[in-house]
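*Asks:* Below: one structure in structure tokens.
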Amino acid sequence: MEVTIDGKKISLEGPVTVLEAARRAGVDIPTLCWHPRVSVLGACRLCMIEVEGINRLLAACTTQVSDGMTVLTDTPQLRKVRQTMLELLLCRHPLDCPTCVKGGECELQELTYRHSAPENRFPENPGPYAVTDPSPFVERDSEKCVLCRRCVRVCREVRGVTVLGAMERGYHKRVGTYFQQPLNSEFQEPYNCEFCGACIDICPVGALNSKVRKFRGRTWEGTTTDSVCPFCSVGCLLSLQVKEGELVRTVPREGPNNEDQACFRGRFGTDYVNATSRIITPLLGRNGSQAPADADEAVRFAAEKIAGARRAEMIVSSGLTGEEIEAAGEFAGAVLPGGTLRAVDTLGLEELAGASRPWEDLEKADLIVVAGQDFTIFEPVAGVRIRVACGKTGAGLIVLDPRDALLGGEAGLWLRPPGEGLSLLLAGLLRTLAASHGDRLKAAGDDSFLASFPGGENGEVEKQLGLPEGSVEDLARRVAASVRVVFVGHRGWYDPEGSVPSLLKELDRLLSGEGTGMPLYLGRDCNSRGAAAAAAAGPPPPEGAPGLVLLAGADPLGTALPGSPLAKRISEAETVIVFDTFLTETARAADVLFPLPTFAEKEGSFTSSSGLSQQLRQAMSPPPGVVSLRKTLEGLASSLGKSLSPGSLPKGSPPGAASPVAPGGKLPSAGERFLVLRGIPIADHRIRLVEESAPLFPGPVVEAHPADLAALGLKSGDSVRVVSGGSELVRQVKADLKTPPGQVHLPCDPADAEMAAFVGESERPEGWPATLRKLAGLERAAGESKDQ
Amino acid sequence: MSANVQVIPESTRERLRELFERFPRKPDALLTALYIVQEDCNNLASEVLDELAAVMEMPKSIMYEVVTFYHLYSTKPRGRNIILICQNLCCYLRSSDEIYQAVYEELGIRPGETTEDGRFTLETAECLAACERAPAMMINEKTFGPVDPAQVKAILKKY
Ligand code: SF4
Ligand code: SF4
Ligand code: SF4
Ligand code: FES
């Protein structure tokens, strides 16, 4: 195809819009409602063009190029139309530019500057639509809204949340929510705002803003540094704006894992780095008697303990950088007597060490299989990538997830294996594929691998999981019929043995035959993949008293899950040395505590869900006296007359490493009314430091489907007793549409100690059945006073 | 929020099930579904839409977009007879505001309001597709126009 735009001839392959063609030809057409990440709407009429032979104006963003087309983008008529459109927009837009948070990056400001007439013929008449939304994080200032509906489209098409809509009609049209309710409220369920902030980024004007960053700095002030999100393993790239030593704004930037998206935690949760409660000097003494000490004193104390220990183990968080874990390994090997290195939150991930698969592969797939739990809350950007890929390529989507986490409803097939039944379902799939679709598959399955799973006959598996008859075969048929299948796995408590990564890897190998079977897999922490490659998975082997335990960044006492053996080990240790930024539960149990810098204050790398290693850049300096983990460890080593040496601890097979995880899989037993579905703690100590996030925490509740509650004569707010095996829990119950009928979801808040003890209970019955009972009046009174 | 009481009665749900059979996907039947539910439940208040959203399996914000776009749907309790007066350009230029005033003088209600006896609800309309008869007014399913303010009283009497 050949087109002429403003006299420039270009040839291109269709289908393509005039707007795209013009951009390729280097011709600038002003736009406002158009945005590359969302569908085309054609609402603002700023991109009007003239096409030879057509005697009316056309919108460049909605007009497809045809061969031989001659387009004009800058004529007196067009200039006048643009000016009029801007005049009309501005007469409904308060000119608050001097105090507007968007100042400096406002598209309307820019368009007005470049295209508008010097004077406005219309009286200023802003709409009467001031909105006060009590929800945290997102401020809606509808008076400034230019009705481009980019926010509506991004919330719907990209985030899949669909909480925003273009309400009313004509002059009264405005962006709003269902019955003008707050962005996150019971009214919106099950499509509740997740405060991803995508609408804030995409809003061309100051109609959607971050409540948290307001008046903390103009967009151009301070310094902006590119880094990586320190929360989940999606690995979103972030830009950190720092002004006068304070992190004032975090926004996502274009990255291979996240495109240009982030989530609540990456965008707003990073505010924790400003918390004043952090540790800035070493502390000596345990549990409440911890007092600041000078660095030499602390080093002397720690060195003495190390020198006197028979055995010592180093436990690292999967949230540390690869470089920090490396330093910890060098220290463990060269300095610690009988030293070992272990990482928490890497269960099952050793299987995937060294392999990688880019998120882009989703766009080459004809079938995407999601095996996981609740992307929406914990790794929403993974959900975004899947949703966008399916939208672009029309790939099929299969979701295996007990909870209704948006993606399920968008899938062609959604199976809801209850409780911890996922590995059983995957084993069934693998077995069926190997047996009945063997000719289609490139490699044969490993019998001994499968033999370790209970279940067997598909019918039996289906019955145990309460799935419709024939669903395993149906699943296998759909998978076998696809040419390029990409699996996306997700850590969740449904997989207590950590067998899902190896099952997915096996499935992938079976289907691709490449021997590099590698699903996209979301570990529990931002660097789980990196940590798994460098250290053995916790918890440590049970034999022998631990003597000395060193923990860097890891908070097994605070996260309570699934580390009860680890927690036990810490409490039994003679001496505990902790390196951390905040006084976590684990840090409180330390005999000596050394401060660490936050993610914004260090360099290093995280290995994300795709296996890609990404660089953190230092955006701000740590408080005086706070140095890197490596520096602290070097100081300790040199006081013992030693030095860190690479290779002193054989990688991947540290002494005392546990044998590889045996694939398990539990059978939920029938008969009991409910199966327990364990949630994932969203609110680690960092998120808790962000005050505004409090309303997002589930609080001390258990959740169940409204239909189940109705059947039991219960309603939201009633107190219930959850009994499973020998343990029980009294909590308020909350109606929750995301929880499947027949199950009870424990949101699992680490600050809720009783809940943590209940879900961490190792003696629980197979498959984890439970009963749910309403508390009688007297009992309720007792239960409530206990809650306080 | 009570999960136990159904606002949309079983008979209406049955009508909806019949409706859905004629469409490939439930959301495609939204306009008619809303109409049916409003007919049976008088209006589309949040309690009604909450339930309908669950039946339709669609996001509430999209339903609310549609409900607020068409003035035939109401989210508030309505009178037995609905008066619509067009306020769009043709009607406006031919003094539709005087029709609003005449209705107010006769019934004491402004747009969005309902008479105390529940006989009439007055609503605005963006277009009644009767520009050639501007200013136009509609009561229930009957259109009047061009309406002279002096005729309003007589027209209302019939309801
Ligand atoms: S923050 Fe995210 S989920 Fe909430 S309204 Fe904006 S785009 Fe939608
Ligand atoms: S709030 Fe912003 S993004 Fe949404 S329609 Fe208004 S101007 Fe556009
Ligand atoms: S999805 Fe994960 S990596 Fe991305 S911003 Fe959220 S927490 Fe950070
Ligand atoms: S950019 Fe084309 S109509 Fe808005």
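The values are calculated or read from the model by the stated rules, or taken from the named source; none is laboratory data. Note that this is a predicted model, so its numbers are computed, not measured. When we count neighbours, we look across all protein chains shown, and the Cβ atoms used for this are built from the backbone with ideal geometry, even at glycine. Accessible surface areas use protein heavy atoms only, side chains included; no ligands, DNA or RNA. Shrake-Rupley method; radii C 1.70, N 1.55, O 1.52, S 1.80 Å.
*Asks:* In nanometres, what is the gap between the two model label sites at A:THR132 and A:ARG617, each 7 Å from Cα along Cα-to-Cβ?
*Replies:* Those two pseudo-labels are separated by 4.2 nm.
*Asks:* Please figure out what share of the DSSP beta bridges in chain A is antiparallel and state it in percent, rounded to the nearest 5.
*Replies:* Numbers: 50 of 96 bridges.
For chain A, the DSSP antiparallel bridge percentage is about 50.
*Asks:* Next up: Assuming R0 = 56 Å, what is the FRET efficiency of B:ASP28 and A:GLU246, from their Cβ-Cβ distance, to the nearest 0.05? Show your work: numbers first, answer last.
*Replies:* On the way: r = 52 Å, r/R0 = 0.92.
For R0 = 56 Å, the calculated efficiency reads 0.60.
*Asks:* Next question, about the same structure. Any residues in the stretch A:134-183 that have 30 Å² or more less accessible area with all protein chains than in their chain alone, probe 1.4 Å, and which are they?
*Replies:* SASA drop of 30 Å² or more in the stretch A:134-183: A:ARG156, A:THR162, A:MET167, A:GLU168, A:ARG169, A:TYR178, A:PHE179.
*Asks:* Kirkwood Rh, Cα Rg: Rg to Rh for chain B?
*Replies:* Rg/Rh: 1.03.
*Asks:* Could you work out, residue by residue across B:121-130, how many beta carbons of other chains sit within 10 Å of that residue's beta carbon, and then give the average as an integer?
*Replies:* Mean shielding by partner chains, rounded to a whole number: 1.
*Asks:* Calculate, for A:THR393 and B:LYS76, the FRET efficiency according to 1/(1 + (r/R0)^6) with r their C-beta to C-beta distance and R0 41 Å; round to the nearest 0.05.
*Replies:* For A:THR393 and B:LYS76, the calculated efficiency is 0.40.
*Asks:* Could you calculate the FRET efficiency of A:TYR113 with A:THR84 from 1/(1 + (r/R0)^6), where r is the beta carbon distance between them and R0 is 22 Å, rounded to 0.05?
*Replies:* The calculated FRET efficiency here is 0.85.
*Asks:* Rounded to a whole number, what % of the accessible area of the stretch B:10-69 do carbon and sulfur atoms account for, probe 1.4 Å?
*Replies:* Answer for the stretch B:10-69 is 52 percent, counting heavy atoms of protein chains only.
*Asks:* Students often check this: by mean Cβ neighbours within 10 Å, which of A:75-81, A:689-695 ranks highest, and how do the rest follow? List each step's numbers first, then the result.
*Replies:* Working: A:75-81: 12.7, A:689-695: 16.0.
Ranked by mean Cβ neighbours within 10 Å, highest first: A:689-695, A:75-81.
*Asks:* Under a crude label model (7 Å from the Cα following the beta-carbon direction), how far is A:ARG673 from B:ALA129 in nanometres?
*Replies:* Between A:ARG673 and B:ALA129, the label points sit 5.4 nm apart.
*Asks:* Under the definition of partner shielding as Cβ atoms of other protein chains within 10 Å of a residue Cβ, what is the mean value for peptide B:54-66?
*Replies:* 6
*Asks:* Moving to a separate point now. Restricting to the stretch B:81-157, what percent of DSSP beta bridges are antiparallel, rounded to 5?
*Replies:* 55
*Asks:* Now, a different point. Quick check: the angle from helix A:471-480's long axis to the longest principal axis of chain A, C-alpha only, nearest 10 degrees?
*Replies:* So the inclination is approximately 60 degrees.
*Asks:* Run the Debye formula on the Cα coordinates of the stretch B:81-157, all scatterers equal and no solvent, and tell me log10 I(q)/I(0) at q = 0.18, 0.22, 0.25 1/Å.
*Replies:* So the normalised log intensities are -0.60, -0.91, -1.19.
*Asks:* Continuing with the same structure: Report the charge-dipole magnitude of chain A in Debye, nearest 20, computed about the Cα centre from +1 at each Lys and Arg Cβ and -1 at each Asp and Glu Cβ.
*Replies:* In total the dipole reaches around 1380 debye.
*Asks:* Percent of accessible area on chain A owned by carbon and sulfur, 1.4 Å probe?
*Replies:* 52
*Asks:* What's the extension gain from A:GLU360 to A:GLU497 if we count 0.36 nm per residue and subtract their Cα-Cα distance?
*Replies:* Stretched fully, the A:GLU360-A:GLU497 segment lengthens by 46.4 nm.
*Asks:* Determine how many Å³ per residue the convex hull of the Cα atoms of the protein assembly as shown encloses.
*Replies:* So the per-residue hull volume is 201 Å³.
*Asks:* Moving to a separate point now. I'd like the antiparallel share, as a percent to the nearest 5, of DSSP beta bridges with both residues in chain B.
*Replies:* In chain B, approximately 55 percent of DSSP beta bridges are antiparallel ones.
*Asks:* Would you mind giving the total buried accessible surface between chains A and B, with a 1.4 Å probe and ligands, DNA and RNA left out, rounded to the nearest 100 Å²? List each step's numbers first, then the result.
*Replies:* Working: alone 31160 and 9370 Å², together 38660 Å².
That pair of chains buries around 1900 Å² in total.
*Asks:* Can you give me the accessible area per residue for chain A, using a 1.4 Å probe, in Å²?
*Replies:* Each residue of chain A exposes 38 Å² on average to a 1.4 Å probe.
*Asks:* Could you list the residues of the stretch A:70-84 with an amide nitrogen less than 20 Å from a label point located 7 Å from the Cα of A:PHE122 in the Cα-to-C-beta direction?
*Replies:* Correct set: A:77-84.
*Asks:* Further question on the same structure: Under a point spin-label approximation (7 Å from Cα along Cα-to-Cβ), what is the B:ASP97-A:GLN180 distance to one decimal in nm?
*Replies:* 2.4
*Asks:* Rolling a 1.4 angstrom probe over the protein heavy atoms, how many square angstrom per residue are accessible across the stretch B:81-157?
*Replies:* Per-residue value: 52 Å².
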